[in-house]
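**Q** First, the structure itself, so that you have it in front of you.
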Amino acid sequence: MSDFSLNIREKGDVVVIETTGYLNNVGGEKVSEACCEKMDDGKKYFLLNLENSKVVNSIGVSILIEIIEKLQDVDGKLGYYNLAPIVEKTFNIMGLTKYSTVYSSEAEGLDGMA
Amino acid sequence: MSPKKTPKVELTLPIIPDMELAAIKTAEVVAKHMDLDEEKSAEIGMALIEATINAFEHSESDSGNVEIHFVIQGDTLVIKVTDKGRGFDQANVKVPKIEEKLGSDHKRGWGLQLIQELMDTVEFESSPEGTTVTMTKKK
Ligand SMILES: Nc1ncnc2c1ncn2[C@@H]1O[C@H](COP(=O)(O)OP(=O)(O)OP(=O)(O)O)[C@@H](O)[C@H]1O
Ligand SMILES: [Mg+2]
């Protein structure tokens, strides 16, 4: 019902992850696995394009908090762009925006993370 | 009030992963009928996802179904999410803080907070026979 998929690419030091589908427990775990793999390769800047994930739930977003925690240990950063307004609002209510950044575009994100 | 003035949509969902998405589709149709703006419609959807998942996950209900009622009362949408599960005491639920979640093993505990922030009013009726969450959003 909610096929979730990722597209991962690198732009300089930044890993850009584009998600498609419902960001629930399953989707969140997939993002987390992808980030962990890249962190093992020494990457620490991650930018999520959530344009095609307009529906999220608290479990999926809690997994993003785990990613933020892991990145804090390596002085890394998590950023997002193309958020649906309700997703941004959810991130605000949960406080993610205090520890990660919402950008208005990929270019702004790449600039901000560099 | 005559039934005509309070149209009601009823949904019975089996506890199956992702079935909460069926609830938000229905909410979208109801919100559109009421001419609610997109922001409010999306807030209702998010709150409904959380209330439905809670009923799925925590109720430990034997009946295996969750009932969702949408009632249009003038310019207010009333949504009731009911399970026949074990119930809980909302007073024992701690308000989550991200500062406390970072560094803790327990990252979850956000659903009720989100529901309360996103809806106009939220009420819980809960007993060992089950839980009903009633939430409203005004146009
Ligand atoms: N319908 C319900 N039946 C029984 N217990 C419930 C119900 N809804 C909520 N609870 C209880 O309230 C607690 C808090 O719910 P809340 O949605 O805030 O967090 P969570 O479901 O544990 O995590 P999250 O929503 O972040 O995934 C739950 O852990 C559960 O103990
Ligand atoms: Mg919950």
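**Q** Compactness ratio of region B:1-62: Cα Rg over 2.2 N^0.38 Å, N = residue count? List each step's numbers first, then the result.
**A** On the way: Rg = 13.2 Å, N = 62, 2.2 N^0.38 = 10.6 Å.
For region B:1-62, the normalised Cα radius of gyration comes out at 1.25.
**Q** I want the local charge near residue B:122. Using Cβ-Cβ distances under 14 Å, sum +1 for each Lys or Arg and -1 for each Asp or Glu among the other residues.
**A** Working: positive: B:80, B:137, B:138; negative: B:43, B:50, B:117, B:120, B:123, B:125.
That works out to -3.
**Q** What is the interface area between chains B and A, defined as buried accessible area summed over both chains with a 1.4 Å probe, reported in Å² to the nearest 100? Each step should come with its number before you reach the end.
**A** Details: alone 8520 and 6120 Å², together 12480 Å².
What B and A bury together is about 2200 Å².
**Q** Cα-based Rg (one decimal) and Dmax (whole number) for the protein assembly as shown, in Å?
**A** Expressed in Å, the Cα Rg and Dmax of the protein assembly as shown come to 19.1, 66.
**Q** In addition: Counting only heavy atoms of protein chains, what accessible area per residue, in Å², does the protein assembly as shown have with a probe of 1.4 Å?
**A** Accessible surface, normalised per residue, equals 49 Å².
**Q** Restricting attention to region B:52-102, which GluC sites (Glu not before Pro) occupy a DSSP loop and are surrounded by at most 16 other Cβ atoms within 10 Å?
**A** Values: sites: B:57, B:60, B:67, B:99, B:100; in loops: B:60.
Passing both the DSSP loop test and the Cβ count: B:60.
**Q** Looking at chain A, what % of its DSSP beta bridges pair antiparallel, to the nearest 5? Don't skip to the answer; put the middle values down first.
**A** Values: 7 of 22 bridges.
Around 30 percent antiparallel, to the nearest 5.
**Q** If each Cα of region A:5-95 is one equal point scatterer, what is log10 of I(q)/I(0) from the Debye formula at q = 0.11 Å⁻¹?
**A** Values returned for q = 0.11 Å⁻¹ are -0.26.
**Q** Diagonalise the Cα gyration tensor of chain B and give the resulting equivalent ellipsoid semi-axes, square root of 5 times each eigenvalue, largest first, whole Å. Can you show the working numbers first?
**A** Values: eigenvalues 129, 66, 38 Å².
Three semi-axes, in Å: 25, 18, 14.
**Q** Using the structure shown, list the pairs from A:30/B:40; B:8/B:138; A:89/B:94 with a Cα-Cα distance above 18 Å, or answer none. Present the calculation step by step, with values, prior to reporting the outcome.
**A** Working: A:30/B:40 30 Å; B:8/B:138 16 Å; A:89/B:94 21 Å.
Checking Cα-Cα distances, A:30/B:40; A:89/B:94 exceed 18 Å.
**Q** Would you work out what percent of the accessible area of chain A, with all protein chains in place, is carbon or sulfur (probe 1.4 Å)?
**A** On the way: 2200 of 5020 Å².
The nonpolar share, carbon plus sulfur, comes to 44 percent.
**Q** How large is ³J(HN,Hα), in whole Hz, for each residue of region B:67-82 in order, when computed from phi with the Karplus curve 6.51 cos²θ - 1.76 cosθ + 1.60 and θ = phi - 60°, using x for Gly and Pro?
**A** Going residue by residue, I get 9, 10, 10, 10, 10, 8, 10, x, 9, 10, 9, 10, 10, 10, 10, 10 Hz, with x marking Gly and Pro.
**Q** For the residue pair residue A:92 and residue B:38, what label-to-label distance in nm results when each label sits 7 Å from Cα along the Cα-to-beta-carbon direction?
**A** Output for this residue pair reads 1.7 nm.
**Q** Along the Cα-to-Cβ line of residue A:40, 7 Å from the Cα, sits a label point; which residues in region A:7-31 have backbone N less than 16 Å from it?
**A** Those under the cut-off are A:30-31.
**Q** Treating only the Cβ of Lys, Arg, Asp and Glu as charged (+1, +1, -1, -1), what charge dipole size does the protein assembly as shown show about its Cα centre? Round to the nearest 20 debye. Mind dumping the intermediate values first?
**A** Working: 28 positive and 43 negative charges, 124 e Å.
It comes to approximately 600 debye.
The values are calculated or read from the model by the stated rules, or taken from the named source; none is laboratory data. Everything quoted here is computed from the prediction, not taken from an experiment. With ideal geometry, Cβ positions are generated from the backbone for all residues, glycine too; neighbour counts draw on all protein chains shown. Calculation scope for accessible area: heavy atoms of the full protein, side chains included, ligands and nucleic acids excluded. Shrake-Rupley method; radii C 1.70, N 1.55, O 1.52, S 1.80 Å.
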